[in-house]
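Q: Pasting a structure below so you can have a look.
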Amino acid sequence: MSNKKVILFFVEGITEEISLGSILSELINDDQIKFQIYRGDILTEYHTTQGNIKRKIGDEINKFLATEHYFKKDITKVIHLIDTDGVFIGEDFIVQDFSIPKNLYLEDEGIKTRDVVGITERNKKKSQLINILYNANKINSINYKMYYFSTNLEHVFHNDANVPDSIKADLADDFSIKYYNKESEFLDLIRSSQIAVIGNYKETWRFIKKDLNSVNRNSNLHLFFKNKEPVT
């Protein structure tokens, strides 16, 4: 086993690992990059509450440690990547539309949905949990930070917030190939004015909670890459 410490990325699905795995490994030289994939949104699950969210994430960290045979001291930090899903927009911007098969996320407009009540309740719950987590410095006594894609990863990386689930993995493969040995171009993308939210960590979170920002194309992931450049 390598003597390098581990940066553990806690993510919703495999597309995050496919998209970012090789890029992160090239940009981060001092630590190993590992992923713990939840295969769902821990922030919207029925049994997730304000009282247990930190414990549930801690349980996922412990699963990683047990499965991959690491000790807690081996992890230097946990990086939690989330989709905002437009959860901070006002209720007036959640519009009912029975003609659509699934939720539609529209920049500068809001969310169209067949289930206004369901989306309103989801937004309330997820936004409350996000507020708890972005203010957390440690989970399981391990350094913790949460960064967002808005509306989701595909919105940020592919400029499409409504990508069908059936092609997300293919898009992730394409993204990984596109930026293979071109990590500087990835940094240009994630730091571009079209995506990067200006400010420090707390300021970027205050920004995403305003107006329609959580349904527009925004991310604060660039803060993780501050002072990082590809090795030449």
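Q: Quote to one decimal, in nm, the extra length available between residue 227 and residue 30 on full extension: 0.36 nm per residue of separation minus the C-alpha distance between them.
A: Using 0.36 nm per residue and subtracting the Cα-Cα distance, I get 69.6 nm.
Q: Same structure again: Can you return the aspartates and glutamates within cross-link range of residue 210? Criterion is Cα-Cα under 17 Å, with same-chain partners fewer than 8 residues away left out.
A: The qualifying aspartates and glutamates are 83, 85, 91, 92, 107, 108, 109.
Q: Okay, next question. Apply the Debye scattering formula to the range 135-198, with a single equal point scatterer on each alpha-carbon and no solvent, then give log10 I(q)/I(0) at q = 0.19, 0.28 Å⁻¹.
A: At q = 0.19, 0.28 Å⁻¹ the computed log10 ratios are -0.87, -1.17.
Q: Moving on. For residue 182, what charge total do you get from the other residues with a beta carbon under 12 Å from its beta carbon, if Lys and Arg give +1 and Asp and Glu give -1?
A: Working: positive: 178; negative: 26, 183, 185, 188.
Overall, the nearby charge balance is -3.
Q: Report the charge-dipole magnitude of the chain in Debye, nearest 20, computed about the Cα centre from +1 at each Lys and Arg Cβ and -1 at each Asp and Glu Cβ.
A: Details: 31 positive and 34 negative charges, 239 e Å.
Once rounded to the nearest 20, the dipole reads 1140 debye.
Q: Moving on. From the residues 32, 22, 119, which one has its Cα farthest along the dipole of the chain in the positive direction, the dipole being from +1 and -1 charges on Cβ of Lys/Arg and Asp/Glu about the Cα centre?
A: The listed residue farthest towards the positive side: 32.
Q: Considering only Cα-Cα distances, which of the following residue pairs are longer than 28 Å: 102/125; 5/63; 72/145; 72/168; 138/168?
A: 72/168; 138/168
Q: Next up: Suppose each label sits 7 Å from its Cα in the direction of the beta carbon; what would the residue 128-residue 201 distance come out to in nanometres?
A: 2.5
Q: Given that compact globular proteins tend to follow 2.2 N^0.38 Å, what is the ratio of the alpha-carbon Rg of the range 17-90 to that value? Kindly include the intermediate steps, with their values, before the conclusion.
A: Numbers: Rg = 14.4 Å, N = 74, 2.2 N^0.38 = 11.3 Å.
So the range 17-90 has a normalised radius of gyration of 1.28.
Q: Another question, if that's okay. Using 20 Å as the cut-off for backbone N distance, which residues of the range 115-131 belong to the label zone defined by a point 7 Å from the Cα of residue 98 along Cα→Cβ?
A: Taking a point 7 Å out along Cα→Cβ of residue 98, the residues of the range 115-131 whose backbone N falls under 20 Å are 115-120.
Q: Sticking with this structure for a sec: For the chain, what is the calculated [θ] at 222 nm in deg cm²/dmol (nearest 500), taking -39500 (n - 2.57) for each run of four or more DSSP H residues and dividing by its residue count?
A: Counting only the DSSP helices, I get -11500 deg cm²/dmol.
Q: Give the angle, between 0 and 90 degrees and rounded to the nearest 10, that separates the Cα long axis of helix 53-68 from the longest principal axis of the Cα atoms of the chain.
A: 40
Q: What number comes out for the charge environment of residue 100, summing +1 per Lys or Arg and -1 per Asp or Glu over other residues with Cβ under 14 Å away?
A: 0
Q: For helix 165-178, what angle does its Cα long axis make with the longest principal axis of the chain, in degrees from 0 to 90 and rounded to 10?
A: In the chain, helix 165-178 runs at an angle near 40 degrees to the longest axis.
Q: Excluding residue 24 itself, what net charge comes from residues whose Cβ is under 11 Å from its Cβ, given Lys and Arg +1 and Asp and Glu -1?
A: -3
Q: With both partners inside the chain, how many of the DSSP beta bridges are antiparallel, as a percent to the nearest 5?
A: Around 25 percent of the beta bridges assigned by DSSP in the chain are antiparallel ones.
Q: Hey, how much of the P(r) for the chain falls beyond 33 Å, as a percent of Cα pairs?
A: Cα-Cα pairs of the chain separated by over 33 Å account for 14 percent.
No value in this document is a laboratory result; all are computed from the given coordinates. All values derive from a computational prediction rather than experimental measurement. So basically every Cβ, Gly included, is an ideal-geometry build from the backbone, and we count neighbours across all protein chains shown.
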